[in-house]
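Enquirer: Quick one: structure below, then a few questions.
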Amino acid sequence: MTAPSRHLPLIGSTNFRDLGGYVGRDGRIVRWRRLFRSDHLGDLTPDDLAVLSGLGLARVCDFRGARERTASLCVLPGVAVHALSIEPTVVQGMQALLAAGKTLTPQSTVELMEQTYRDFVLDNTPRFAELFGHLLDDDRPLVFHCTAGKDRTGFAAALILTALGVARTVVMQDYLLTNDHYRQPKGASGLAPQDVLDVLWRVQPDFLEAALHTVEAGYGSVERYLDSALGLGLTQRRRLEQLYLQV
């Protein structure tokens, strides 16, 4: 039997992907067409909306900040949209460097990205806990996203797959798929040197590892973080597995 397509080639969204098909706990497979990750959904075409309707998409968790959401509203007919706001910080960090008379370089941008990922853990853990609350409600198809679907969304996807028992190497492979699919926004090329934009609009293993190392430094392990910070005790973990792993 042919597996469903992981990447859905929408017109108004380039990074819409299914988390299904990965091997989870006890060899059970993550269910297809239940959990999706994406870049923002504010530019979907009527054909895109028809595709998502055909998936039975029922819930959206939007990690974008308030101004991001206002600039590109996520409106999907009949779909509940939940705002889990994590304000972006990378652009502000770049502006602060420029204001201090420093030059933007690929390395300084890497450092900003790594700090952003650390801050997901240090400052935004409650938002990721909210995401798991929605996941535990029921198994209706859900998509979580931010603007590019790579950073806030990438960390969330890593947490979900880890909670379902997917191996860390596979979690990283899923994370890096953004580099195969996401397309830099039109008009972004003049905002900074291209080598800086190549860091900003892509993902690197060290970005995600910066978040995971922060988790391990603060909580001892990702498993303990899931339990003590995100509310995924044994009962909740078993329910998550019942909802999103094949029998």
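The values are calculated or read from the model by the stated rules, or taken from the named source; none is laboratory data. The model shown is predicted, which means the values in this text are computed figures rather than measured ones. Every residue, glycine among them, receives a Cβ derived from its backbone with ideal geometry; neighbour counts consider all protein chains shown. When the accessible area is computed, the model is the full protein with side chains, heavy atoms only, and any ligands, DNA or RNA have been set aside. Shrake-Rupley method; radii C 1.70, N 1.55, O 1.52, S 1.80 Å.
Enquirer: Would you mind telling me which residue in His145, His40, His181 has the biggest mean-square fluctuation in a Gaussian network model of the chain, where springs connect alpha carbons within a distance under 10 angstrom?
Expert: Of His145, His40, His181, the Gaussian network model singles out His181 as fluctuating most.
Enquirer: With a 1.4 Å probe and every protein chain kept in, tell me what percent of the accessible surface of the stretch 1-43 is carbon plus sulfur.
Expert: Details: 1000 of 1860 Å².
The nonpolar share, carbon plus sulfur, comes to 54 percent.
Enquirer: Right, here's the next one. On a full-extension model of 0.36 nm per residue, what is the gain between Trp32 and Trp201, subtracting their alpha-carbon distance, rounded to one decimal in nm? The partial results should precede the final answer.
Expert: On the way: separation 169, 0.36 × 169 = 60.84 nm, distance 2.73 nm.
Extra length available between Trp32 and Trp201 comes to 58.1 nm.
Enquirer: Just to compare against my own numbers: the Cα pair-distance distribution for the chain, 10 Å bins, whole % per bin, please.
Expert: Over the chain, the share of Cα pairs per 10 Å bin runs 7, 32, 38, 19, 4, 0 percent.
Enquirer: Report, to the nearest whole %, how much of the accessible area of the stretch 108-219 belongs to carbon and sulfur atoms, 1.4 Å probe, protein only.
Expert: The C+S portion of the solvent-accessible surface of the stretch 108-219 is 51 percent.
Enquirer: Next question. For the stretch 239-247, take each phi angle, set θ = phi - 60°, evaluate the Karplus expression 6.51 cos²θ - 1.76 cosθ + 1.60, and give the result in whole Hz per residue in order, putting x for glycine and proline.
Expert: Calculated HN-Hα couplings, in order: 5, 4, 5, 4, 6, 10, 10, 5, 6 Hz.
Enquirer: What is the P(r) of the stretch 1-50, as percent of Cα-Cα pairs per 5 Å bin from 0?
Expert: 5, 20, 23, 22, 14, 8, 5, 2, 0
Enquirer: Based on a Kirkwood Rh over C-alpha pairs, give the Stokes-Einstein translational diffusion coefficient of the stretch 110-247 at 37 °C and viscosity 0.692 mPa s in µm²/s.
Expert: Answer from the Stokes-Einstein relation: 207 µm²/s.
Enquirer: Now a separate question. Calculate the FRET efficiency for Val91 and Leu55 from the Cβ-Cβ distance with a Förster distance of 41 Å, rounded to the nearest 0.05.
Expert: 0.80
Enquirer: Using θ = phi - 60° and the Karplus relation 6.51 cos²θ - 1.76 cosθ + 1.60, list the HN-Hα couplings for the stretch 217-234 in order, rounded to whole Hz, with x at every Gly or Pro.
Expert: Once rounded to whole Hz, the list reads 5, x, 10, x, 6, 5, 4, 5, 4, 4, 6, 7, 9, 9, x, 9, x, 4.
Enquirer: Leaving out ligands and nucleic acids, and using a 1.4 Å probe, what accessible area per residue does the chain come to in Å²?
Expert: On a per-residue basis, the chain sits at 45 Å².
Enquirer: Choose one answer from Tyr219, Tyr117, Tyr22: the residue with the largest mean-square fluctuation in a GNM of the chain with alpha-carbon springs under 10 Å.
Expert: Greatest mean-square fluctuation among the candidates belongs to Tyr219.
Enquirer: Okay, next question. Let me check the size of the stretch 26-99 from its C-alpha atoms; what are the radius of gyration and Dmax in Å?
Expert: 16.0, 52
Enquirer: Work out from phi, with θ = phi - 60° and the Karplus expression 6.51 cos²θ - 1.76 cosθ + 1.60, the ³J(HN,Hα) of each residue of the stretch 150-166, listed in order in whole Hz, and give x for Gly and Pro.
Expert: 10, 9, 4, 5, x, 5, 4, 4, 4, 5, 5, 5, 5, 4, 8, x, 6
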